[in-house]
1. Scan A5, A41 and give me the residue that is under 17 Å from D98 (Cβ atoms) and at pLDDT 95 or above.
2. Considering only segment 18-69, state which residues are loosely packed, with under 13 Cβ neighbours inside 10 Å and part of a helix (DSSP H, G or I).
3. Do we have L193 as surrounded by 19 or more Cβ atoms within 10 Å (Cβ to Cβ), more than 15 Å from L79 (Cα to Cα) and either acidic (D, E) or free of Cβ contacts under 8 Å to residues at least 40 places away in the same chain (or both) here?
4. Going through G121, G137, G126 one at a time, which residue ends up being in contact with a helix residue (DSSP H, G or I) (Cβ under 8 Å, 6 or more places away or on another chain) and either in a loop (DSSP other than H, G, I, E, B) or modelled with pLDDT under 95 (or both)?
5. Residues being in a loop (DSSP other than H, G, I, E, B), within 16 Å of S229 (Cβ to Cβ) and touching a helix residue (DSSP H, G or I) at 6+ places or on another chain (Cβ under 7 Å): count how many of those fall in segment 159-205.
6. Determine if segment 5-14 includes at least one residue that is free of Cβ contacts under 8 Å to residues at least 12 places away in the same chain and either more than 17 Å from G81 (Cβ to Cβ) or in a loop (DSSP other than H, G, I, E, B) (or both).
Amino acid sequence: MRIFAIGDLHLSHAKPKPMWVFGEHWRDHEKKVAENWSSIAQKDDILLIVGDISWAMRLEEARADLDYLAALAGQKIILRGNHDFWWPSKSKLESVLDPSIKFLQASSLIIDNVAIVGTRGWQCPGQIPSADMMTEGKEFSYTEADYKIYQREVARLKQALESLKGKKYQHLIVALHYPPMNAQHEPSGFTELIDKYSAKTCVYGHLHAEAINLAFNGNRNQTQYQLVSADSVSFMPRQIF
């Protein structure tokens, strides 16, 4: 078994949104991802998709994008991103997903002695205001409301990690949509939990264009951090286990 990760597919099969407006490299990106994955995937491989799966606003609109994921080889594990407004309740999501797709929502999965936990995350305190390409240039500034959401998401990561209590595994992967630290790479509630539970790997997405240069990629304490937003990995899923 191998585990690969990618994020921010930003699919829009039901109501096409041309992603090439964010750069020519995005043209036909969904075909690039499918072809790249097909070229390396084996039957027992896992593709971890760290949020911003679909531009859809409702589940009905997202079904074509979920069908796209179902058609990809191997098992897929998804989590919610900040643009996944279509994401329904846990029970409804369970009822509509293809058997080849599982999801993480402040929860965990253990597959062949590998534990994977995931939640959306949020912007960390101290974040330098920066443009989010996928909101078409709108500026982000940190507010008291952001801090409250951040605290809630830290609690959700803790909930996901605590769900592993009493279970056996040898390798722990933490998956977030947002980066687990700010652009200055300062410690956060997320990194404190990642350290406490001795995660071997942390993957995340959300960052695009020039913001990719602000990402932390590398080792911090015992954990290897990796940005896997689609354009940061040239639309090729990155092997993480």
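1. After ruling out the rest, the residue left standing is A41.
2. W20, V21, E24, K31, E35, S38, S39, E60, D67, listed by residue number.
3. Numbers: surrounded by 19 or more Cβ atoms within 10 Å (Cβ to Cβ): yes; more than 15 Å from L79 (Cα to Cα): yes; either acidic (D, E) or free of Cβ contacts under 8 Å to residues at least 40 places away in the same chain (or both): yes.
Answer is yes for this residue.
4. Values: G137 fails: in contact with a helix residue (DSSP H, G or I) (Cβ under 8 Å, 6 or more places away or on another chain); G126 fails: in contact with a helix residue (DSSP H, G or I) (Cβ under 8 Å, 6 or more places away or on another chain).
Only one candidate passes the filter, namely G121.
5. First pass over segment 159-205, keeping only residues in a loop (DSSP other than H, G, I, E, B): 163-170, 177-188, 197-200, 205.
Still in the running and within 16 Å of S229 (Cβ to Cβ): 177-181, 183, 205.
Subset that is touching a helix residue (DSSP H, G or I) at 6+ places or on another chain (Cβ under 7 Å): 180-181, 183.
Total meeting the criteria: 3.
6. Narrowing segment 5-14 to residues free of Cβ contacts under 8 Å to residues at least 12 places away in the same chain: none.
No, there is no match, as no residue in segment 5-14 is free of Cβ contacts under 8 Å to residues at least 12 places away in the same chain and either more than 17 Å from G81 (Cβ to Cβ) or in a loop (DSSP other than H, G, I, E, B) (or both).
Conditions (1) over 26 Å from N182 (Cβ atoms); (2) touching a residue at least 40 places away in the same chain (Cβ under 8 Å), marked per residue:
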| site | (1), (2) |
| --- | --- |
| I78 | no, no |
| S91 | yes, no |
| E94 | yes, no |
| A106 | no, yes |
| L109 | yes, no |
| R120 | no, yes |
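To keep it simple, each residue is scored yes or no on (1) at pLDDT below 95; (2) of a type in the set (A, V, I, L, M, F, W, C); (3) within 17 Å of the chain's Cα centre (by Cα).
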| position | (1), (2), (3) |
| --- | --- |
| K32 | no, no, no |
| W37 | no, yes, yes |
| V50 | no, yes, yes |
| I53 | no, yes, yes |
| M57 | no, yes, no |
| D67 | no, no, no |
| G81 | no, no, yes |
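The values are calculated or read from the model by the stated rules, or taken from the named source; none is laboratory data. All values derive from a computational prediction rather than experimental measurement. Cβ: placed from backbone, ideal geometry, glycine included. Neighbour counts: every protein chain shown.
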